[in-house]
1. Between A56 and S230, what length in nm is gained on full extension when 0.36 nm per residue of separation is reduced by their alpha carbon distance?
2. Under a crude label model (7 Å from the Cα following the beta-carbon direction), how far is R107 from K303 in nanometres?
3. Which angle from 0 to 90°, rounded to the nearest 10, does the C-alpha axis of helix 366-381 make with the longest principal axis of the chain?
4. Would you rank Y83, Y423 by solvent-accessible area, highest first, keeping every protein chain in place and using a 1.4 Å probe?
5. Can you tell me the dipole magnitude for segment 17-121 around its Cα centre, using point charges on the Cβ only (Lys, Arg +1; Asp, Glu -1), in Debye to the nearest 20?
6. So, with +1 on the Cβ of K and R and -1 on the Cβ of D and E, and no other charges, what is the size of the charge dipole of the chain about its Cα centre, to the nearest 20 debye?
7. Cα axis of helix 5-16 to longest principal axis of the chain: angle in degrees, 0 to 90, nearest 10?
8. If a/c stays under 1.5 just call it rounded; otherwise compare a/b with b/c (prolate if a/b is bigger, oblate if not). Do that for segment 48-189, with a ≥ b ≥ c from the square roots of the Cα gyration tensor eigenvalues.
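The values are calculated or read from the model by the stated rules, or taken from the named source; none is laboratory data. This structure is a prediction, so every number in the text was calculated from the model and none was measured. Cβ sites come from the backbone with ideal geometry, for glycine too, and all protein chains shown count toward neighbours. To get the accessible areas, we keep the full protein, side chains included, count just its heavy atoms, and leave off ligands, DNA and RNA. Shrake-Rupley method; radii C 1.70, N 1.55, O 1.52, S 1.80 Å.
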Amino acid sequence: MVPSADPANSFLSSLERRSTFLENVISTCPEGIIANDTEGNIFLFNSSAERIFGYAPEEAIGKMNASRLYPPGGAREVKEFLYSDEYGGRGRLVDFETVAVRKDGKRVPIRLCCALLVEEGREIGTIGFFTDISGRKALLERFLESEERFRGIFESARDAIVSVGEDGNVVMANRAAQELFGYGEETLRGMEAVRLFAPRFADYWKELSVYASGLGPGNERRNIEIRVLSNSGAEIPVQLTLAEKFVRGQRIQTAILRDISERKALEEDLRLQSITDALTRLYNRRHFLSLAQREVERAIRNKVPFSILLIDVDRFKQYNDTFGHDEGDKVLRALGEEIRKNFRTMDTGFRYGGEEFLVLLPETAAESALIPAERLRRRFSTIPFLPHPVEEPRQVTLSIGVAEFRQGLSIDDIVRFADRAMYAAKNAGRNRTMSYERLVAGSNG
């Protein structure tokens, strides 16, 4: 059936009388605009329609029926809904999703809005606005797949993952987060995020989150180490990584928290090994130099004294050569234990090397340091050592030198002065304590 040209010509004449603005809207509209007469013959086909369907306007206008743009039965379905009340009311179709057919035969999902064209009360055709939603459909499918994958990863992740909304409350927390913090999912959701961190971090959480959510050198996500607070009140060291994004206009921060308790324990163990003497379990010479330097700085800053004891085991080489290294090690271990027991918690003992030991006594003048030094010497001399069980116990004695820090001295100076006092004790017959200050006073007298 050949369509009547009069309604189309009438409609085109009407369009020509409209403003240039309307023509520009039609030509530049991102939606495909297609108009056809009552028989389905196309008389309007804009450039966006060409992009969607693959036909040039000259291929479609006056040469194609709109039904060719749909799979079999598709045009009839659109017409039925257009005349129903289901999508926008009779004579209008709003946001109707269906499938169209391109020139190359490929089917594409579209969203269609169309309306009947009426002139002087008479239906003269249909105009439709077509939007290719294949990208949105593919995106939706990818989103659903991604969401499913994300949910699987989110729940099975070994690291705790917590999302925090713009109001600072927890939006979502995975199973690992529930285990880390000791709260159920319902309790965590809606909780103030700052409550999950040790109180000392709460005051500057905002600044901390701004720093952590930024990028470091090389655009790498920053990691910071912080302590979180479990439901039991225990503090747990974690490595925190923060990411920030906007979802529907709302800022969401996602925190990934890795429990580093084991790593921290190992680091502490390695640190202690590096500064501890394995035989006596006292600190070693390296750690003495570090602590002594800090004590020098504190003494100068606060104008307070400190003293050191240099302790040497009398005739240790002879004892070691006579009874063997194992028996000599027993003597050194015993001295380490006595040093731990006989001084204040603020005092620190060190194995300086071989049979020489040091004790650092903060806020203590040399005269006061002589008291615990003498107590250690006397108690150690009463310990019975049994290198041979069938023989009489052996006694081992100590010679101790004391020196006090004074402004202008270096650590080497103090150790050297204590060493002089200790050798003075040995030269005086061993098994005694002497202070450098008394030696100097005696020589000056």
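1. On the way: separation 174, 0.36 × 174 = 62.64 nm, distance 6.65 nm.
Difference between extended and current length: 56.0 nm.
2. 9.4 nm
3. 80 degrees
4. On the way: Y83 70, Y423 110 Å².
In descending accessible area the options line up as Y423, Y83.
5. Values: 14 positive and 16 negative charges, 60 e Å.
Roughly 280 debye, rounded to the nearest 20.
6. On the way: 63 positive and 67 negative charges, 360 e Å.
Dipole of the chain, to the nearest 20 debye: 1720 debye.
7. 50 degrees
8. Values: a/c = 4.15, a/b = 2.58, b/c = 1.61.
In terms of gyration-tensor shape, prolate.
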